[in-house]
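What follows is a short report on a single structure.
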């Protein structure tokens with residue numbers, strides 16, 4: 001009798017082991033999910049950091065010390081776009097406040113008094129004229145003389161952040177227009193239109209004339225610099241930055257979808273819903289910063 005009971009007990013234990021051998025404890029499953037989530041976060045952080053450092057190293061290796069404009073003149077003698085990289089047109093520009101001037105008006109025998117020299121990029125509210133700060137709304141003309149050793153070939157301007165309306169001339173040729181530049185709100189129409197503009201100067205010295213008007217936007221002025229360089233290099237760098245923005249957008253969006261799926265399966269765990277919403281907002285923000293890819297679809 002004792003041997004029979006011992007046999008039944010062994011049989012029941014073997015059945016239990018066979019029945020539940022494939023089932024893991026609940027705390028073990030939760031631990032595995034936490035490990036996967038932690039791995040995804042760490043991998044995403046490392047990849048993002050790698051892309052950021054690669055971009056910084058690329059820019060540092062391609063560009064030497066950038067020349068700056070002084071007295072309305074940018075001297076690029078000895079600068080090679082192929083080996084030295086692109087140039088940010090920063091520094092002192094000629095400034096004509098409350099005037100919309102075109103290149104033909106700057107004749108040899110015609111003197112137009114300028115308001116002064118202003119550092120570009122800058123906001124109008126940070127510019128002082130006759131002891132008073134300029135308002136955020138208004139209009140102005142900027143002018144810069146670029147000097148090079150030879151006539152540039154395959155050159156281009158990279159214009160990004162002119163949310164207000166503006167016009168750009170190379171000498172007497174208009175090469176870019178965004179919105180409608182005007183001297184009043186009724187004549188003005190702002191537009192955001194980032195572009196890479198090929199230019200073909202006729203001489204190794206050329207003027208860049210730029211009109212800006214702003215009525216309604218919070219930050220008026222020449223708020224970002226213009227990039228001048230080789231067309232192919234500018235486009236390639238722009239594509240690399242755009243790829244980085246899209247990678248960040250896709251990675252954060254996938255994390256948001258993953259946690260939204262967890263919330264659908266487990267409705268009581270609200271932290272997964274909050275985290276997914278945060279991921280969605282951050283992913284959209286990546287398209288509004290950097291190369292501002294979202295504006296290409298608007």
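The values are calculated or read from the model by the stated rules, or taken from the named source; none is laboratory data. These numbers come from a predicted model, not from an experiment. When we count neighbours, we look across all protein chains shown, and the Cβ atoms used for this are built from the backbone with ideal geometry, even at glycine.
Pairs are defined by a Cβ separation below 9 Å, a sequence spacing of at least 6 or placement on different chains, a first member in the stretch 248-275 that is in contact (Cβ under 8 Å) with a residue 60 or more places away in the chain, and a second member that is part of a helix (DSSP H, G or I) and loosely packed, with under 12 Cβ neighbours inside 10 Å; the pairs so defined are 255/41. Residue 165 falls short on exactly one of the conditions (1) modelled with pLDDT of 90 or more; (2) in contact with a strand residue (DSSP E or B) (Cβ under 6 Å, 6 or more places away or on another chain), and that condition is (1).
On inspection, residue 133 fails the criterion of being at pLDDT 90 or above and either under 26 Å from the mean Cα position of the chain (by Cα) or at positive phi (or both). Do any residues in the stretch 194-208 that are touching a residue at least 24 places away in the same chain (Cβ under 8 Å) and on the phi > 0 side of the Ramachandran plot have Cβ atoms under 9 Å from those of residues that are in a loop (DSSP other than H, G, I, E, B) and surrounded by 14 or more Cβ atoms within 10 Å (Cβ to Cβ), where the two are at least six apart or on different chains, and which pairs are they? Sorted first by the residue in the stretch 194-208, then by its partner, the list stays empty.
The set of residues from the stretch 139-162 being surrounded by fewer than 17 Cβ atoms within 10 Å (Cβ to Cβ) and either over 21 Å from residue 180 (Cα atoms) or more than 23 Å from the chain's Cα centre (by Cα) (or both) comprises 145, 147, 149, 150, 151, 153, 154. Within the set 238, 191, the sole residue that is within 19 Å of the chain's Cα centre (by Cα), surrounded by 13 or more Cβ atoms within 10 Å (Cβ to Cβ) and either on the phi > 0 side of the Ramachandran plot or not in a helix (DSSP H, G or I) (or both) turns out to be 191. Against the list (1) part of a helix (DSSP H, G or I); (2) surrounded by 18 or more Cβ atoms within 10 Å (Cβ to Cβ), the condition residue 175 fails is (1). If the condition is being more than 14 Å from the chain's Cα centre (by Cα) and either surrounded by fewer than 20 Cβ atoms within 10 Å (Cβ to Cβ) or under 15 Å from residue 81 (Cβ atoms) (or both), then the stretch 207-233 contributes 207, 216, 217, 218, 219, 228, 229, 230, 231, 232, 233.
Of the residues making up the stretch 68-95, just one is over 30 Å from residue 235 (Cβ atoms) and in a loop (DSSP other than H, G, I, E, B), namely 71.
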